Amino acid sequence: MNEILGLSAAELAKKIRGKELSSAEVTAAFLDHTTACEPGIHAFVTRLAEDALQQAAVVDGKIKRGESVGALAGVPIAVKDNIMVAGARTTCSSKILENYIAPYDAHIITRLRAADAVFVGKTNLDEFAMGSSTENSAFGVTRNPWNREYIPGGSSGGSAAAVAARMAPLAIGSDTGGSIRQPAACCGVVGFKPTYGRVSRYGLVAFASSLDQIGPFSTTVEDTALLLSAIAGHDAGDSTSVNAPVPDYQAGLSRSIKGLKIGLPKEYFIAGVDREVDTAVKNAIEVFRKLGAEVREISLPHTAYAVAVYYILAPSEASANLARYDGVKYGFRAACDNLLEEYENTRGEGFGGEVKRRIMLGTYALSSGYYDAYYGKAQKVRTLVKQDFDRAFAEVDLIVTPTAPTTAFKIGEKSADPLQMYLSDIFTISCNLAGIPGISMPCGFSGNGLPIGMQMMAAPFAEETILRAGYQYQQQTAWHTKRPPLS
Ligand code: GLN
């Protein structure tokens with residue numbers, strides 16, 4: 001493998017700024033590698049090779065002229081295809097948006113442009129981010145770089161696979177119930193969902209607005225800190241974005257975690273979790289103990305309700321958000337004789353099966369007569385889930401769990417059984433319900449060579465605690481340096 005591909009984003013940025021490497025050669029290395037391995041993986045819906053090379057040339061020009069450049073100057077990045085990059089297709093991996101060209105940049109894209117990052121492509125996802133395997137894409141499944149018969153996780157499977165296969169050192173995903181952390185676990189990379197409100201969703205195609213959050217993928221926690229610093233912060237374009245100062249996430253990484261209080265929720269270490277997953281996470285906890293952390297058992301008693309609550313609230317919000325795809329305003333329009341038929345045919349032909357299932361579930365849960373019993377009750381239980389975390393964080397600084405109960409499953413294994421698919425998010429959903437930050441990072445491999453992910457969660461806006469613990473862990477271990485064989 002070209003040695004450029006082995007460098008972290010932080011190393012690449014430093015070498016490009018120091019003129020040891022040009023962005024043009026770095027970008028070309030990642031693009032060429034992508035051309036070679038993409039056919040076997042299919043991480044991208046749209047590649048942006050020409051634009052990327054142009055952006056790289058602009059950055060190289062600035063550096064040559066001695067102009068100041070941003071923190072990600074010249075570094076390639078891949079973006080999930082539910083986030084708008086002006087002028088490029090934004091399909092959400094749906095037939096209904098197959099030919100939709102984004103008319104403006106998402107806020108985070110504006111920020112990344114200001115940081116002088118280079119956009120190499122739009123990555124595959126489960127249609128409208130609904131799924132846990134990237135099998136629900138209208139444009140074909142993404143394959144796990146560690147074993148192509150397995151799913152890469154989802155819904156940000158394309159972003160996770162792209163980083164794992166070194167098609168980009170960085171990627172952006174979105175996480176509504178686990179869609180950054182679960183694919184990160186499946187693909188053996190770092191994936192981080194910031195606090196709700198930390199990163200603007202302006203220009204992210206909405207799935208479930210009270211849960212959606214944008215976040216980074218990378219191989220090192222240092223790179224996650226670098227990318228998070230570039231995208232975090234207030235934006236008037238998203239009314240849920242919080243107007244609070246953004247710490248320098250990189251600066252705090254090297255501080256010791258001696259005395260850090262870590263909680264292990266007993267509801268996450270249960271029968272039903274793969275033995276190998278359980279062991280790998282417990283080994284990681286030993287590393288934290290050696291670093292001086294104090295570990296204790298805690299309880300999050302409402303954990304068992306999280307999946308049920310999520311599958312009322314997320315489809316309810318989705319049914320409202322997806323009402324805009326009617327064939328009139330934009331996107332796909334089916335042939336028809338009258339307006340009602342146009343709506344029906346457009347939505348009937350344009351949406352895939354899982355999206356329709358969610359719209360029906362959500363419409364039902366919101367319908368008069370059922371609203372209080374389903375949506376209203378789910379909101380109340382959501383509050384209880386959040387209060388579990390409030391109580392826990394009065395006692396501990398960090399909560400450590402497996403990211404998912406198993407490693408990646410085989411393509412096709414769960415696609416006929418939605419409930420089994422929904423259960424793969426059992427450990428990631430509560431974090432979204434509570435609005436708190438959560439990371440997944442590699443902590444081992446299963447006997448069949450698939451990566452295992454460990455999840456860490458902290459109190460709202462305590463991203464720094466997670467990043468510091470993650471960075472310290474990566475200084476002691478080598479899991480994050482392992483790469484899949486890509487011949
Ligand atoms: N897998 C979950 C779902 O299908 C979460 C998806 C997500 O986080 N976008 O809804």
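The values are calculated or read from the model by the stated rules, or taken from the named source; none is laboratory data. Computed from a prediction, not measured in an experiment: that's the story for all the values here. Here the Cβ positions follow ideal geometry from the backbone for every residue, glycine too, while neighbour counts run over all protein chains shown. Side chains included, ligands, DNA and RNA excluded: accessible areas come from the protein's heavy atoms. Shrake-Rupley method; radii C 1.70, N 1.55, O 1.52, S 1.80 Å.
Flag not set for residue 437, criterion: more than 14 Å from the ligand (Cβ to nearest atom) and closer than 27 Å to residue 141 by Cβ.
Residue by residue, here is whether (1) open to solvent by less than 30 Å² (accessible area, probe 1.4 Å); (2) more than 30 Å from residue 366 (Cβ to Cβ); (3) hydroxyl-bearing (Ser, Thr, Tyr); (4) over 22 Å from the mean Cα position of the chain (by Cα) holds:
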residue: 256; (1), (2), (3), (4): no, yes, yes, yes
residue: 268; (1), (2), (3), (4): yes, yes, yes, no
residue: 277; (1), (2), (3), (4): yes, yes, no, no
residue: 292; (1), (2), (3), (4): yes, yes, no, yes
residue: 297; (1), (2), (3), (4): no, yes, no, yes
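Under the condition of being of a type in the set (A, V, I, L, M, F, W, C), at pLDDT below 95 and over 18 Å from the mean Cα position of the chain (by Cα), the residues counted in the stretch 407-429 number 2. Any residue at all in the stretch 445-459 that's among the polar types (S, T, N, Q), modelled with pLDDT of 95 or more, in contact with an Asp or Glu (Cβ under 6 Å, 6 or more places away or on another chain) and not in a helix (DSSP H, G or I)? Yes, there is a match, as at least one residue in the stretch 445-459 is among the polar types (S, T, N, Q), modelled with pLDDT of 95 or more, in contact with an Asp or Glu (Cβ under 6 Å, 6 or more places away or on another chain) and not in a helix (DSSP H, G or I). Of everything in the stretch 333-355 that is charged (D, E, K, R) and in contact with a Gly (Cβ under 8 Å, 6 or more places away or on another chain), the residue that is nearest to residue 207 (Cα to Cα) is 354. In the stretch 162-188, of all residues being out of contact with any Gly (no Cβ under 7 Å at 6 or more places or on another chain) and within 16 Å of the ligand (Cβ to nearest atom), the one that is farthest from residue 27 (Cα to Cα) corresponds to 177. Listed by position, the helices (runs of 4 or more DSSP H) contained in the stretch 328-429 that have at least 2 residues being more than 30 Å from residue 186 (Cβ to Cβ), away from the ligand (no atom under 16 Å from the Cβ) and free of Cβ contacts under 8 Å to residues at least 60 places away in the same chain are 339-350, 353-366, 377-395.
Is it true that residue 323 is in a helix (DSSP H, G or I), over 22 Å from the mean Cα position of the chain (by Cα) and either at pLDDT 95 or above or more than 30 Å from residue 269 (Cα to Cα) (or both)?
Judged against the criteria, residue 323 is a match.
Could you tell me which residue of the stretch 191-225 is farthest from residue 176 (Cα to Cα), considering only residues that are small (Gly, Ala, Ser) and within 14 Å of the ligand (Cβ to nearest atom)?
So in the stretch 191-225, the residues small (Gly, Ala, Ser) come out as 191, 197, 200, 203, 206, 208-210, 215, 218, 225.
Okay, now just the ones that are also within 14 Å of the ligand (Cβ to nearest atom), so 191, 206, 208-210, 215.
Numbers: 191: 13, 206: 10, 208: 7, 209: 8, 210: 9, 215: 11 Å.
Only one residue tops the list, namely 191.
Residue count for the stretch 76-104 satisfying the condition of being closer than 26 Å to residue 29 by Cβ, under 19 Å from the mean Cα position of the chain (by Cα) and assigned to a loop (DSSP other than H, G, I, E, B): 2. The residues listed here are 324, 347, 357; of these, the one that is within 25 Å of residue 125 (Cα to Cα), among the basic types (Lys, Arg) and buried (at least 17 other Cβ atoms within 10 Å of the Cβ) is 347. Checking each residue in the stretch 101-137 for being in contact (Cβ under 8 Å) with a residue 24 or more places away in the chain and of a type in the set (Lys, Arg) picks out 111, 122.
Would it be correct to say that residue 262 is at pLDDT 95 or above and either open to solvent by less than 30 Å² (accessible area, probe 1.4 Å) or not in a helix (DSSP H, G or I) (or both)? In short, yes. Do we have any residue at all in the stretch 150-164 that's surrounded by fewer than 24 Cβ atoms within 10 Å (Cβ to Cβ) and either assigned to a loop (DSSP other than H, G, I, E, B) or in contact with a Ser or Thr (Cβ under 7 Å, 6 or more places away or on another chain) (or both)? No, the conditions are met nowhere in the stretch 150-164. Residues of the stretch 133-161 that are at positive phi and more than 10 Å from the ligand (Cβ to nearest atom): 134, 140. Of the residues in the stretch 115-132, not one is surrounded by fewer than 24 Cβ atoms within 10 Å (Cβ to Cβ), within 16 Å of the ligand (Cβ to nearest atom) and more than 21 Å from residue 453 (Cα to Cα).
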